[in-house]
1. How do 159-172, 76-89, 107-120 rank on mean C-beta neighbours within 10 Å, highest first?
2. Could you work out how far apart the two model spin labels at HIS61 and ARG186 are, taking each label as a point 7 Å from the Cα in the direction of the beta carbon, and quote it in nm?
3. Full extension from LEU125 to THR36: what is 0.36 nm times the residue separation minus their Cα-Cα distance, to one decimal in nm?
4. Which distance in nm do the two modelled labels at ALA111 and LYS45 give, with both placed 7 Å along the Cα-to-Cβ direction?
5. So how much slack lies between THR196 and ALA168, counting 0.36 nm per residue of separation and subtracting their Cα-Cα distance, in nm?
6. Defining a contact as two alpha carbons under 8 Å apart and six or more residues distant in sequence, what relative contact order in percent does region 36-119 show?
Amino acid sequence: MRSDRTHSLYRSRLVRGSVLAVALVGLLATSVSAATTQVGATEDKTFVPGNVNQAVGGSVHWAGQPAAGTEEHSVRQDAGIFDSGNPTANLNFTRTFSAGTFAYHCEKHGADGMRGTVRVPPQTLAAPGGLPFTVRWAAAGTNSGNRFTVQYRVGSGAFRNWMANTSARSAVFGAGNRPVRLVRGRTYAFRVSSGTATNKSANSPVKSFRVS
């Protein structure tokens, strides 16, 4: 009897392991390397490009591009999460991003439509020790907020809070230190807002994958 039970348990672990292996192939295949995107603050009162899609740990560098050195610009996130300071013709400002959707504007020309957005989805990565998977929403050195709210959705259900106002940058998906078991055919989705304890970005683009 014990032998049959042991064999059954072993087979169950093998099945779970195969599901995990299939899922993680997809997770690792969608990893995106972080880089720096250059955004110009131009004389005609625009940010170029105005919309940036970035990876967790990637940076955006804003620089003034004055034709005659007359226009002064700044970069201020709408909720005040980051701010380059007083407008200047020699704008030189960099942020390294955590997950979220960060709308920003020029303090001097925002009313004239000088606005932009940085969108950063969370990442899903393999977890150590055969655990299901890791969700990563910030990296060492990110400075677009130090508090994060992480939400999840399984299938077509509503998004629910997984972590609220956490300072952690990543975690193995689960609750109470009990990782969730992946289920074939289910889609897991995550979104994150970054900022401070009182001011947050809008939710990030959704990162999702289906266990096949």
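1. On the way: 159-172: 14.0, 76-89: 16.2, 107-120: 17.8.
So the order, starting with the most tightly packed, is 107-120, 76-89, 159-172.
2. 4.4 nm
3. 29.9 nm
4. 1.0 nm
5. Gain in length upon complete extension: 8.8 nm.
6. The value is 34 percent.
No value in this document is a laboratory result; all are computed from the given coordinates. These numbers were taken from a predicted model, which means no experiment stands behind them. Note that we place each Cβ from the backbone using ideal geometry, even for glycine, and neighbour counts take in every protein chain shown.
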